Every structure is written in C-alpha cells, then in structure tokens.
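The values are calculated or read from the model by the stated rules, or taken from the named source; none is laboratory data. As the structure is a computational prediction, the values presented were derived from the model and not from experiment. Counting neighbours? That spans all protein chains shown, and the Cβs are built from the backbone with ideal geometry, glycine included.
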Amino acid sequence: MQGFIDSLLATTTTGLSRELAYLGGMIGFGALVVFGFILPMAGITSWLERRVWAKIQSRVGPNRVGPGGFLQWLADGLKNLLKEDVIPEAADPTLFRLAPYIVVAGFVAAFVAIPFAGSLIIADLNIGILYISAVTSLVVVGILMAGWSSNNRWSMLGGIRSASQIISYEIPAGLSVFPVVLLSGTLSMQGIIENQGWAPVDWHMFHSPFTLAAFLMSYIALLAEGNRTPFDLPEAESELVAGFATEYSGMRSLLFFLAEWGNLYVIGAIMATLFMGGWQVPAFTDNVVLLTVAQFGMFFAKTYFWVFVAMWIRATLPRVRVDQLMSLCWKYMVPIAMVNMFGTALVMVVIPEGSRLMSYALCGLMLFGLVRFGRRVNYHLKRSRRYDTVGAIMPV
Amino acid sequence: MEEFSLSVAAFYFMAGLTLLGAGGVVFTENIVYSALSLMVSFFGVAGLYIFLNADFVAGVQVLVYVGGVLVLTLFAVMLTHQIAEIEVSNKSVGRVPALLICGGLFLVIAKALRGAEFFTTPGGQVSESSTYGIGNLLLREYILPFELASVVLLAVLVGAVVLSRKEVIAPDGTPVPERETIPLTEGQRVMSSPRAALAGAAAKQKVSDV
Amino acid sequence: MSVEIELAGEGGGLATEEMVLNMGPQHPSTHGVLRFIVTADGEVMRRAVPDIGYLHRSIEKIAEKVGWHGFMPYTDRVDYVAAMTANQGWAMCAERLGGIEVPKRGEYCRVIAAELGRACSHLLGFGAMGMDIGAITPFTHALREREMINDLLEELCGARLTFNYLRIGGVAWDLPPGYEEKVLRFLDRFELAVDEMGELLSDNRIWVERLAGVAPVPPAMAMAYGLAGPNLRASGVNYDCRKAHPYSVYNDFEFDVPVGTGEKGELGDCYDRYICRLREIRQSSRIVRQAIEKIPDGPVIAKVPRNFKPRAGDCHVVLESARGEMDWYCASDGTEYPYRVHIKTGSFTAMSIMEALSPGLMIADLVAVIASFDIVAPEVDR
Amino acid sequence: MDARAIHKLLANEFGDGVGNFVEQPTEPHIEVDATAIAKVCSYLKENGDLNFEHLSNLTATDYLEENRIRIIYHLHSYKHARWLTLKVAVDRENPHVATLENVYPVANWLEREAYDLVGVNFDGHSDLRRILMPDDWVGHPLRKDFQEPSHYHGISTVRESMLTINRN
C-alpha cells in the first residue's frame, strides 16, 4: 500500500509538505480501512455468529433488520453508541476509559500485516507474523487494565484469568508458528504464502505429519488466545458474570466484543496464511484486478471457514476449568509443539525437497476424515429429521 | 542542524515517549500506573529500534517486554496485598539515596558516552531484514553462549517449579500433591482426594444392601 | 457485609490473602436469587456460605389465611418449575385429613400431569446445567421440548407454568378429547430427542472432565444431609418415594429408578447427579405411556364441599417431586383454614449441604455443583 | 415393627424421657421429652433394627390455646421404608429443646428455620441465626399471636388494594 500512496503523491512537491501529505494519506487510508472494512467486518461476524448459533440451536436468530437480519450488527452498534456510558464510582476512571481502546488498538494493529491478496496488504513487514503476535499482546494489557480498574472482584478474577491464559498459550502458539517459519525461511506473511501453492498438497499443513500437528496446535492455541469457547474463561458469563467486562456498558462494552469478533477474523487469517496457502489461486488470468479479486475471495473464504469453525465449537462445547486449561497448555500442547518444531526440522534435513508422496498421503487422510465426518453428520441429520416428523404436535 | 522531516519528528516523538514513560514509572505513586507507564516506555524503545533498522528486535521487544514481562509484572502487582482496593499508592521513600545512586550512575554513563567513539554507517543505506543476520550470528558464531543461556533458562524454569510447589503434609504424615487435598474438617468433603474415593467405595458397599 | 481477612502464614509459608466474593443474589448462574459468600484463595474456594431468604414469600403463613381450597394456587409458587407435584402435595394433605377418596381417573390424570411436569423440570435443569458449564446449545434444545410439554399442559389446564390443575378430591378438568393420542405422539418424538440431547453432552470429554469426580457426596453423607430425589439416588441410595411408599396410583406402573454408580468418576459426583436426572426423564415418559394406556373411565373429582372442613389433627404427606422428596406437614383445627402448613423441599436440603461440599472446589466448580443439584430458589425459600 | 412397638422399645430404653403413644388416624406419633430428644433420635438412628437414618422433616407448630409449641420430627428409614413421627411439646414462653444437629446434619437448617419462623430455641445449635427472614426482623411470623409490623425500614408492609386505588 505504501507504493500505492507513493504513486498518488508523485505529483506533489517534495520536502515537508510532501511528507505531511504522506502522513495524511496514511492516516486517511488507515481510517478508511478501519471504519470501512475492519469494524463492519467485526460487526458482520457478530451477525454471522448469531445466525450460526441459531441454526445449530434450532431457532431463527436475528431476522428483523435488513434481509435475514443482516444489518442487525449496525442496529446493535448504534444502540450501544447511544446508551449511557456508566462508569462506576469506585472505579479508576482513567484506566477504565482507556482499557477498551487499548484492546481495540491491539487487534486493529494486527490487520496491518494481514495479506488479503497478492497486492492487498497494508504493509508487508518482514517480521510479519512476529509483529502480529507482538501487537496482539496489547489486548492482554487492555484486559488486565479493564479488570483491575473496574474495582470489582469478578472483573479482577477475569483479568487475572485472561492474563495467565494468554501468556501461557502464547508459547504453544508461537512454537507452532516455528515449523512454518522453518519451511518458508521468512517471517513475512507474503513470503510465507508465496512459499505455498494453491493446491492443498502444496500447503504447509500437508508438508509432514509434524506440520499437520502444528496446524491443529496452532488453532487450539489461537482459540485460547482469542478467549473463545472452550477457553472463554475470562468472560465466563456463568461463573464470573462477564469477567473483565462486567462493569462496562454501552459503547465501551461494545468495543470489547468488537475486539473479540475481530480477533476471530485475525485467527482465521493466521490459519489461512500460515498453513493453508493464503490467497493462492490458480493463475487463470493475466488481469491483475480480476486476479486480486479472486485472491481476496479465496483468502476471505479460507478465513471465514475458520471463523465458522470457531463459532461451531462455541455452540457445541462446554467450558474447561482453569486448572484443566493450564494443564492442557503446559502438559500437552507445549511438548507437542516442541516435538513438531524439531520434527519439521528433521524432515527438512532428511528430505530437503519435501516429499510429494507424504503430502498426498496426508491430504488423502484428511479427505478420508472429512468424508467420515460428513457421513456421520448426515446420519444424525437423518435421525433428527425422523423425530421432527414423527411427533410434531400442533400448538394449542 | 538536520532538515526537519517526518522521520525526525517521529524520532523525537518516540524518544519523548520513552522518557515520558520512564518518568511515569518513577514518579507515579500508584503502582499499577507505574507498570502501565512502563508499557509506554517499552513501546517508545521499540520505536527507536525501528529507527535503527532493527525491526526484528523491535518485534521481540514488544512481544517479550509488553506481552511477557509487563503482563507478568502487572499480574504480580495485582496479586499483592489489598490490590483489590483501587487507592493503592507506593509511597515515595528514600528519595535522597535514590538521587545519589541515580546521579552517580548518570555521571558514569555520561562520562562513558563522552569518551566513546561512535561508528556510523553511511546514511541512506537500508539493509534487508535483520532477522537473517541475527539468526546467523546466534546459531553460527555465538552458538555456545546461546546454548549456555538456554541451559541457564532451563535451570531457572526447574527452580521456579520447585519453589512454587509447596509440599502438603496430610494428617497421617505422608506428603500429598497440592491440588488434591485440603485438610478435612468435620463434615467437609473435598474433590478428588484419594481418601474420598475410598470412603465413597466403602459407602457404596454399605448401601448396596439397603 | 464485613470482610474478614485471614492471613494464613503458619509453617513459614507466604502469607496469602483470601478474597471474599459475593456471588449472587444477582448472579447469572445461581438459578434465581441465591447468594453465596465465597471465601476464595485465588480460584480455589475455602468456603462458600449460602445465604437464602431472598425469595421468601412466607407461603406457609399465607396458607393459614386463605383456606383449604384457596391455597391451591399458592402451592404452584412453592416450586414453579415443577408446580404439578406441589399441587399434588397439598391436595394429598387435604384429602388425608378430610378422608376423601380420589376417583381412579382423577389419580391417573394427576400422574400424567405430574410426570409431564417432572420431565419439564428435569429438561430445564439439564439445559441450565449445560448453560452453567458453558455449553449454550443444550439449553435451547431442552427448552424446545419443554415448550411442547408446556403446550400439552396448557391444553390440559390452561396454564404453562403455575398450573393450578389439581383440586382437593381430584383434578379440575378431565383430559380434553384426543389428548391421549397427542401425548403419545409427542412422546414418540420426545424420547428420541432426549436421547439426542444426552448424546450431545454425556460423553463429551470436556463435560465429563468438568463433572466427574467433582464434589462427590458419599451415600452416608447424602442421607445425613437429607438429600432427596435424583441427588440422593445419584449417591447410590436406591430410594424413590414412588416405589418405597407408593402414593396415588404409582403401584400400577412399571418403571426403573436410575441410581448413580460413579460411572465416570466417583460415586455421587456431579456427573452422577446429571445422568440420573437425564435418565429419569425417560422413566417419566414411560410412566406417562402406561398411564395413558391404563386410564379408566369415570369421574375425575370426588364430591368435596365448597366449605371444606377436615377433622382436627395433623398429617404428614411425602411425595416425589422433581427435586426430590417433598414433605408436607399440615395441621388442622377443624375450621375452614389450615392451622399450620410446613413444606420441606429437596432444594432446601441440597442448599444446606453446599457449605460442607465447597472447601477445595474451584469457583467454576461451585457453579457446576449448584447446577447439578438443580437448586431452584423459590423452593428453597418458599 | 410398627410405631407402637417402637414406642414400647423406646419406653423401655429411656423411661421418663419418652411419653405417650398417641394413636391418631392420620398421624400416630410418640411424645418425647425436650431433653431426651437428641438421645432418642441417636438411638433410633444407630439401632440396627430401626435404622432411622434420615430426618425427613422438622417443624414447629404454635398452639396458642394450650400455651405450647410442639416440635414435630419425621424420621424415615431407607432400609426398612418406614416412617416415625416424634413430637416434643415445650413451653410457649420459653421454648427450649436440644438440637439434633449432631445426629442429623440436616437438622442444622431445619432448626434454624423453626427458630426463625416459630421462635424455638435449640440448645447446643452451632449457628442459631435467622435463615429466611432478615437478620433485624422482630418477632417470629408463624407464631399465632404475631403482629405484622406496619413498616419495615420505612417501607409500608401493607398496600392499598388496586381496586380502591383505581376507583378513586
């Protein structure tokens, strides 16, 4: 994108005025991206989540505002903006006000390095994935601030839970990135994607069994970092009321949720980029615009697949307990992630070119699993349809 | 005097942020505010690293210091005595010794800086990623110190585990794992203690003939 | 509430401060207005002291003022989740004191209504338990089935929650025409749906980990603390009031009593309580099927004078409510007002065991324990 | 073994501590002395032939005209599926009875309830506080001579009927 702005500014003068124009351009473009893309997308994710849940729970979900309730997120957002912003008397007002912004800043900043398409990336940082994990750690600080400044013990427990959880799961998440970095030899998001192909066999996740394991570890760890079920302990509404967000209302409370839904997208994007070939599409045309659109669509689809899986998991699984969460991380995930790292390195030393046969075998295995799963789903669907038709009684 | 440009302004902004944060750490009376000022300072330093073309170091700075050290600090601070009350302050005590020590340190550093020779690379030369260089240095030239450091870290890890695991002695004198027991008092029952399982099994037998 | 801070520093360990948490009365998972004062050391509880009375309406006192017939609607409010059995308790008290024989068909109507109500209550308990552990889907699925039962009960008596269906001497209305078929058709579907709901949770790894071995109540303790109903049976005590002291026409039906075996963890743990309740739903539907099959013809209500005055004396009636044995004690002085009514409920005793169970549990476990006992606030406070 | 036989057994064991056996069609019961109740219950619980391991219900009734409060105990044996009712009559002005808390832990809350609502003092109870009513409530609501206060913390306890309000 820098290049794009550079070309826009090519006609203006040099010196200070040009730099200021550059600054303005960047800020303007950033605002455009944040308000035109990131926030609406987080909102739409919220609508999608509610619709997906509703489908799973055999109910309708939001269906009043817009077609299929599509604009529900806008209505909710507006409503929350207009609500009274209550700050508890006993709270620490400065930090209480600041915390949601820090959380949102943490997740918005991650979008800088997310590659939406071959040429659609705000900045292709050469420390891409490292940058993303670095800035998302801001979220923890925000949550801790929120938890402490609310001056409520439930909030504080939520904040502490969140901090310990995110800190712990950053380790398996980071270690699961290593195999990919080893394979591609770069931290840059575009570099990682370019190292893969459009076909599933060329994806990092099918490189070796270790990367496949790393891929699964990565998704679990990212779910935990994003405070998603079954790891949503920091805001566990049935235990801690709403955890760190208990005292928040209106707009500020909305910002926390926005960050959560936005984070979902970041999780999906990381999964798509690192393991699933990102925006890679078969080269079917020379038209750059068409190609970019196709790439964007591909990336979007892959990302939303993982977003959907996260929603599905949330609608299905109960929540784990704190000690179970920690033992899962330290006793299982960290050692497995370590093994993955060394295993990948070993595979790279033994078969430097990578084994197509292994990739095809892993691909086939995955396909087999998917088919089995599909048949099982089909069986259950049929069975539930049976009882839906058997005994439907007329309402009085 | 350099020509004023955006990068210069950004540099001063970052440097100012660092100093401001550092000042905040020292002068705020609220310990949580201090910790959060530290975050500002860390971000300033990360920005300075970027000016030095050390983007990897900048990333690691944020990841390790903000994501790790700072959060742990906050964590520890929040677990301290009566932190649940918002009005916590750390009273400034011992201003005079602090001034003496800091002043002395400042003098030493200033002296060293005055005497030092700085090597500067020609401007305008932007190197590619520093990650590659760092990796090469760590794993080729400095592999021994690198490995030694990891051994030390491992020792620290083990030490932390040993220190934090308190051994609990059951009433009958045998040590028991911590999570699983709480001293039993009259009428109290405890989850998943081995004794409870035994009691449950015994009682199961007793009831089966009811 | 004053906060007491105890510093535990014996044996040279670090002095740690215990945190006092006020859980409830407005807490999402305390099922109404229960309150716990939790003393916690981090996430681990030292003690959770229940504080009840936030929903105390003094129903027992009301009974002394409204008369025998007039008290019937109030009994719905004793346990509004399974109101039929509360109705039945009061009706049985009055009938025993007044020496009234309920017609056979009336008794069968009562059993159908009460068992549907029990299934209703267990469904809600099941769904709410899922919700408390963090699984949001079981709740909607359970409520979907519960709504259909509510439809059926509404057809029977016109109300969906506080039924007021029973009368002293029988039931208010006979089954509407075609009702039997409707119920059977519903049960065909319902049994499959309950099985599916069970599949959703019963073997789920996280679910089992969260419940198995948590807060086990050994049988001796369960009896000592007077746990009742599914909670008692989960501890391995095979006692069901419908079997041991058959009231109404329960003698006519075949059904099993699910008893906890500690199949996933320890005997009497949260998982046992959960699975007993789930299995009881199936037994209820079995009883309803038999009742529909065997229901005789005839009147549904005996002749009871409007100015009902039973003989002086007292009586003790015990019946199996959804939350366990419900004890009704009623004293009469021969006037048109009851002299004294006392109701002891399963939730009350389940609540009283909480303090003894809580040490060493985690805060998240407390939620699971409350849910597994299926405590309903109005039943505790009455 | 029916209630009459149990009464005979108890009378042999405790002598004066156990009173009459009251044959009543709906509720045959044994009268027990206030001081002996804990011992009697303990015996009923421990005795291998009786096994009354469950205190099913404990309540108190205020008999204003007799100037007495009766505490009613319903014991149950899971093993023999058998009920037993005990009654203790105490003086209305100064009702004292021994606690059963050490025999049946469930009595803890039931006795608190009886104390709260009827005002019976259970001697030896570990935590005899109000349980359902607020801590600062005056009087025991299920006493027959209880007068409802007109105000509680400045809040009126009576409300004008909605019908009359609408009419005005």
Quick check on the stretch C:117-169: of everything there that is surrounded by fewer than 19 Cβ atoms within 10 Å (Cβ to Cβ) and on the phi > 0 side of the Ramachandran plot, which residue is farthest from the chain's Cα centre (by Cα)? C:G158
Is it the case, given these coordinates, that B:G115 is at pLDDT below 75 and either of a type in the set (F, W, Y) or surrounded by fewer than 10 Cβ atoms within 10 Å (Cβ to Cβ) (or both)? no
Which of the helices (runs of 4 or more DSSP H) contained wholly in the stretch A:261-354 include at least 1 residues that are free of Cβ contacts under 8 Å to residues at least 12 places away in the same chain and over 30 Å from C:L211 (Cα atoms)? A:288-316, A:334-350
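Inside the stretch D:1-89, counting only strands (runs of 3 or more DSSP E) that do not spill past its ends, which hold 2 or more residues that are surrounded by fewer than 18 Cβ atoms within 10 Å (Cβ to Cβ)?
D:18-22
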Just one listed residue, out of A:A294, A:A310, is in contact with a Lys or Arg (Cβ under 7 Å, 6 or more places away or on another chain) and either buried (at least 23 other Cβ atoms within 10 Å of the Cβ) or within 30 Å of A:D202 (Cβ to Cβ) (or both), and it is A:A310
So how many residues does the stretch B:66-87 have that are of a type in the set (V, I, T) and at pLDDT below 60? 2
Return the residues of the stretch A:159-188 that are over 18 Å from A:A224 (Cα atoms) and modelled with pLDDT of 85 or more; say none if nothing qualifies. A:F178, A:P179, A:V180, A:V181, A:L182, A:L183, A:S184
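Each row is one residue, and each column tells you yes or no for (1) surrounded by 10 or more Cβ atoms within 10 Å (Cβ to Cβ); (2) part of a loop (DSSP other than H, G, I, E, B); (3) modelled with pLDDT of 70 or more.
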position	(1), (2), (3)
B:S89	yes, yes, no
B:A98	yes, no, yes
B:F119	no, yes, yes
B:L139	yes, no, yes
B:P145	yes, no, yes
B:A155	yes, no, yes
B:G173	no, yes, no
B:A196	yes, no, no
B:G200	yes, no, no
If a residue must be within 14 Å of chain D (Cβ to nearest Cβ) and on the phi > 0 side of the Ramachandran plot, how many such residues does the stretch C:233-253 contain? 1
Being outside any helix (DSSP H, G or I) and of a type in the set (D, E) is the filter here, so list the residues in the stretch C:155-212 that pass it. C:D174, C:D203
Considering each of C:I375, C:I363 in turn, give the residue that is among the β-branched types (V, I, T) and at pLDDT 85 or above. C:I375
Kindly indicate the residue of the stretch A:155-171 that is more than 7 Å from every other protein chain (Cβ to nearest Cβ) and touching a Ser or Thr at 6+ places or on another chain (Cβ under 8 Å) and also nearest to A:I129 (Cα to Cα) among those meeting that condition. A:I166
Taking the residues in the stretch C:309-328 that are within 20 Å of C:A244 (Cα to Cα) and at the interface with chain D (Cβ under 9 Å from one of its Cβ atoms) as candidates, determine which candidate is nearest to the chain's Cα centre (by Cα). C:E325
Filter the stretch C:117-158 down to the residues that are more than 26 Å from C:H27 (Cα to Cα) and without any contact (Cβ under 8 Å) to a residue 24 or more places away in the chain, then identify the one that is farthest from the other protein chains (Cβ to nearest Cβ). C:G158
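If you go through the stretch A:151-158 one residue at a time, do you hit one that is surrounded by 20 or more Cβ atoms within 10 Å (Cβ to Cβ), in the same structural domain as A:S188 (by TED's automatic domain parsing) and at pLDDT 85 or above?
At the first step, the residues of the stretch A:151-158 found to be surrounded by 20 or more Cβ atoms within 10 Å (Cβ to Cβ) are A:152, A:154-158.
Filter again for in the same structural domain as A:S188 (by TED's automatic domain parsing), leaving A:152, A:154-158.
Restricting the remaining residues to those that are at pLDDT 85 or above gives none.
No, the stretch A:151-158 contains no residue that is surrounded by 20 or more Cβ atoms within 10 Å (Cβ to Cβ), in the same structural domain as A:S188 (by TED's automatic domain parsing) and at pLDDT 85 or above.
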C:Y108 more than 21 Å from C:T162 (Cβ to Cβ) and either in contact with a strand residue (DSSP E or B) (Cβ under 6 Å, 6 or more places away or on another chain) or assigned by TED's automatic domain parsing to the domain that holds C:A159 (or both): yes
Checked C:A356, C:A368, C:A331, C:A364 against criteria (farther than 18 Å from C:V81 by Cβ, touching a Cys at 6+ places or on another chain (Cβ under 7 Å), in contact (Cβ under 8 Å) with a residue 12 or more places away in the chain and facing another protein chain (nearest Cβ under 9 Å)); the one match is C:A368
Condition met for A:G243 (surrounded by 21 or more Cβ atoms within 10 Å (Cβ to Cβ) and within 14 Å of chain C (Cβ to nearest Cβ)): yes
Can you name the residue in the stretch C:213-232 that is farther than 19 Å from C:E280 by Cα and away from chain D (no Cβ under 14 Å) and is also surrounded by the most Cβ atoms within 10 Å (Cβ to Cβ) among such residues? C:P216
Output the residues belonging to the stretch D:40-82 that are within 10 Å of chain C (Cβ to nearest Cβ), under 16 Å from the mean Cα position of the chain (by Cα) and closer than 20 Å to C:A244 by Cα. D:H54, D:L55, D:S56, D:N57, D:H74, D:H76
Looking at the stretch A:130-154, which of its residues are within 27 Å of A:S188 (Cα to Cα) and either within 7 Å of chain B (Cβ to nearest Cβ) or not polar (S, T, N, Q) (or both)? A:L130, A:Y131, A:I132, A:S133, A:A134, A:V135, A:S137, A:L138, A:V139, A:V140, A:V141, A:G142
In the stretch B:32-71, what residues are within 11 Å of another protein chain (Cβ to nearest Cβ), touching a residue at least 40 places away in the same chain (Cβ under 8 Å), in a helix (DSSP H, G or I) and of a type in the set (A, V, I, L, M, F, W, C)? B:V32, B:A35, B:F56, B:V57
Out of all the residues in the stretch A:196-238, which are among the acidic types (D, E) and within 13 Å of chain C (Cβ to nearest Cβ)? A:D232, A:E235, A:E237
Can you name the residue in the stretch A:251-274 that is farther than 26 Å from C:A135 by Cα and more than 14 Å from the chain's Cα centre (by Cα) and is also nearest to the other protein chains (Cβ to nearest Cβ) among such residues? A:R252
Residue satisfying all of: in the stretch A:92-106; buried (at least 21 other Cβ atoms within 10 Å of the Cβ) and within 14 Å of chain B (Cβ to nearest Cβ); nearest to A:L290 (Cα to Cα) among these: A:G106
Given the options D:R112, D:R159, name the one that is within 20 Å of the chain's Cα centre (by Cα) and among the basic types (K, R). D:R112
Quick one: in the stretch A:50-62, which of the residues that are outside any helix (DSSP H, G or I) and surrounded by 15 or more Cβ atoms within 10 Å (Cβ to Cβ) is farthest from the other protein chains (Cβ to nearest Cβ)? A:P62
Could you say which residue among C:K243, C:K264 is of a type in the set (D, E, K, R), in contact (Cβ under 8 Å) with a residue 40 or more places away in the chain and surrounded by fewer than 24 Cβ atoms within 10 Å (Cβ to Cβ)? C:K264
